[in-house]
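What follows is a short report on a single structure.
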Amino acid sequence: MILVYIIVVNWNLFVDIWWASFALSLFMIVIFTRAVFISHDILHTQYFKNKSLAFKLSYPFSAFILSNSSSWWDFKHNINHHTFCNVPEKDEDILAKFGMFIHYGLYAQLAKGEWVQLRDTIPVAEYAKLKDTFTAENFDADFITDLALKAGMKYITITSKHHDGFCLFKTEQTDFNSLDAPCGRDLMGELAEACEEKGLALFLYYSYAADWKHPYFYAREAGWQNARPAYTEPQPEYKFHKDEDFRIYVDYVHEHMKELLTQYPTIAGIWFDPIMGFYSRPDLFPIEETYALVRSLSPHALISFKQGANGDEDFMAPERNASKRVGTQFEVANRVYELNKNRPREICTTLQPHAWGYNKSVDGQHVSPDEVMQMLEDAKVMNANLLLNVGPKADGSIPEEDVVILTEVGKRLESKESL
């Protein structure tokens with residue numbers, strides 16, 4: 001009653017305050033809404049034609065005006081919208097988005113593809129010696145990013161750790177890495193810096209479901225024939241004996257995730273592989289825990305695990321064609337495919353006839369610019385991205401024929417856009 005009395009006695013003042021509060025709230029809503037559009041326009045380079053500058057300005061602008069929750073939405077929208085949607089600068093000329101895939105590691109020195117340790121059953125200790133001759137003297141992040149831009153690409157995905165377990169980034173978890181090799185460099189750090197400077201998104205490929213080096217990855221006999229090479233002699237480095245041992249490897253992976261996502265906080269996402277290693281033993285992988293860790297450390301980061309591990313991925317990444325399916329003999333694969341089948345797709349394929357890592361035996365047989373243009377058209381029809389792979393040579397240089405092919409593709413795309 002006292003409150004009612006106060007309101008009645010001071011009715012005029014109350015009305016003035018109420019209308020003032022309402023007007024202020026409406027004003028703030030308009031300002032906040034406009035801030036979203038301004039931030040979006042920045043991302044579309046409406047105010048600044050320099051894409052790198054636009055990318056850098058958009059996030060702090062949103063964070064300052066909209067608070068962290070809205071800025072997270074805006075940043076994640078940026079990655080999804082500009083990396084995985086066909087939204088060109090000219091609406092009348094819609095082109096499928098285009099990215100560069102890079103498979104590089106110790107295997108490049110053998111020039112027989114990235115699966116050479118498994119296919120040639122090279123003993124663990126012998127393969128590890130390749131670290132002592134890994135120099136990467138011609139791995140040039142500036143050249144790689146310039147080539148990607150020249151080809152009309154919008155992002156890069158690179159192997160931070162492939163199935164052989166060798167890491168191309170700074171890590172405290174193992175000395176099997178590029179900094180402890182004669183190379184002595186953080187190749188992921190160099191590429192992350194170059195991509196950020198030039199406005200390219202960067203995804204880090206990480207082999208989660210295969211590691212032929214780690215002592216506690218599961219054995220061939222535990223579920224998947226490619227979990228380890230088919231050695232005729234026991235490898236003393238391998239110590240997996242029971243399922244519980246696998247948690248040691250999972251903890252190792254999670255420490256890597258912490259390093260990757262804190263050392264390179266602006267990366268666009270994590271690209272896990274190989275999915276068959278997961279489908280063969282899904283019970284061993286705490287996939288929800290892994291994804292939650294990634295998203296807690298980097299909320300804007302997208303996650304892909306080929307056609308999917310649990311249906312919580314941000315996009316599918318089938319190999320060589322958009323409709324390809326694998327693991328149909330596994331219930332989990334079929335269930336997750338149904339969950340992910342309407343998500344954005346990224347078709348990954350390679351300039352070489354088959355291998356992803358450099359294979360000298362097929363020099364001169366890489367796909368032609370005409371074939372790449374057809375791949376882009378096919379991806380466009382499927383409303384998918386095309387992630388086109390190059391396999392650097394042992395010294396880190398991009399094969400000359402790939403440079404020629406991608407440069408020509410870029411010229412054709414530029415010509416097409418100008419029509």
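The values are calculated or read from the model by the stated rules, or taken from the named source; none is laboratory data. Everything numeric in this text was worked out from a predicted model, so none of it was measured. No Cβ is skipped: glycine too gets one built from the backbone with ideal geometry, and neighbour counts run over all protein chains shown.
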- line: Note on segment 376-405: residues under 24 Å from the mean Cα position of the chain (by Cα), in a helix (DSSP H, G or I) and of a type in the set (D, E, K, R) are 377, 378, 380, 402
- line: Scanning segment 301-341 for residues that are within 15 Å of the chain's Cα centre (by Cα), small (Gly, Ala, Ser) and farther than 14 Å from residue 279 by Cβ gives 301, 304, 317
Check on residue 287, of a type in the set (Val, Ile, Thr), out of contact with any helix residue (DSSP H, G or I) (no Cβ under 8 Å at 6 or more places or on another chain), assigned by TED's automatic domain parsing to the domain that holds residue 187 and farther than 23 Å from residue 156 by Cβ: no
query: Tally time: how many residues in segment 251-267 are more than 14 Å from residue 301 (Cα to Cα), crowded, with 17+ Cβ neighbours inside 10 Å and in contact with a helix residue (DSSP H, G or I) (Cβ under 8 Å, 6 or more places away or on another chain)?
result: 1
Members of segment 321-375 found to be of a type in the set (A, V, I, L, M, F, W, C), touching a residue at least 40 places away in the same chain (Cβ under 8 Å) and in a loop (DSSP other than H, G, I, E, B), listed by number: 322, 326, 330, 351, 355, 356
message: Any residue in segment 137-162 that is more than 30 Å from residue 254 (Cα to Cα) and in the same structural domain as residue 196 (by TED's automatic domain parsing) sitting within a Cβ distance under 6 Å of a residue that is surrounded by fewer than 24 Cβ atoms within 10 Å (Cβ to Cβ) and of a type in the set (S, T, N, Q)? List the pairs, counting only those 6 or more apart or interchain.
response: 138/397; 150/407
- prompt: When both residues are 6+ apart or on different chains and their Cβ atoms are under 8 Å apart, which pairs have a first residue that lies in segment 222-234 and is farther than 18 Å from residue 246 by Cα, and a second that is in a loop (DSSP other than H, G, I, E, B) and of a type outside the set (Ser, Thr, Tyr)?
  reply: 231/123; 233/123
statement: Among 245, 283, the single one that is in contact with a Phe, Trp or Tyr (Cβ under 6 Å, 6 or more places away or on another chain), surrounded by fewer than 18 Cβ atoms within 10 Å (Cβ to Cβ), part of a helix (DSSP H, G or I) and among the acidic types (Asp, Glu) is 245
message: closer than 30 Å to residue 286 by Cα and in contact with a Gly (Cβ under 7 Å, 6 or more places away or on another chain): is that true of residue 125 in this structure?
response: no
statement: For segment 383-403, pairs from a residue that is touching a residue at least 24 places away in the same chain (Cβ under 8 Å) and at positive phi to a residue that is surrounded by fewer than 20 Cβ atoms within 10 Å (Cβ to Cβ) and polar (S, T, N, Q), with Cβ under 6 Å and 6 or more apart or across chains, are 396/138
- prompt: Here are 287, 267, 303, 248: which of them is within 30 Å of residue 125 (Cβ to Cβ) and of a type in the set (Val, Ile, Thr)?
  reply: 248
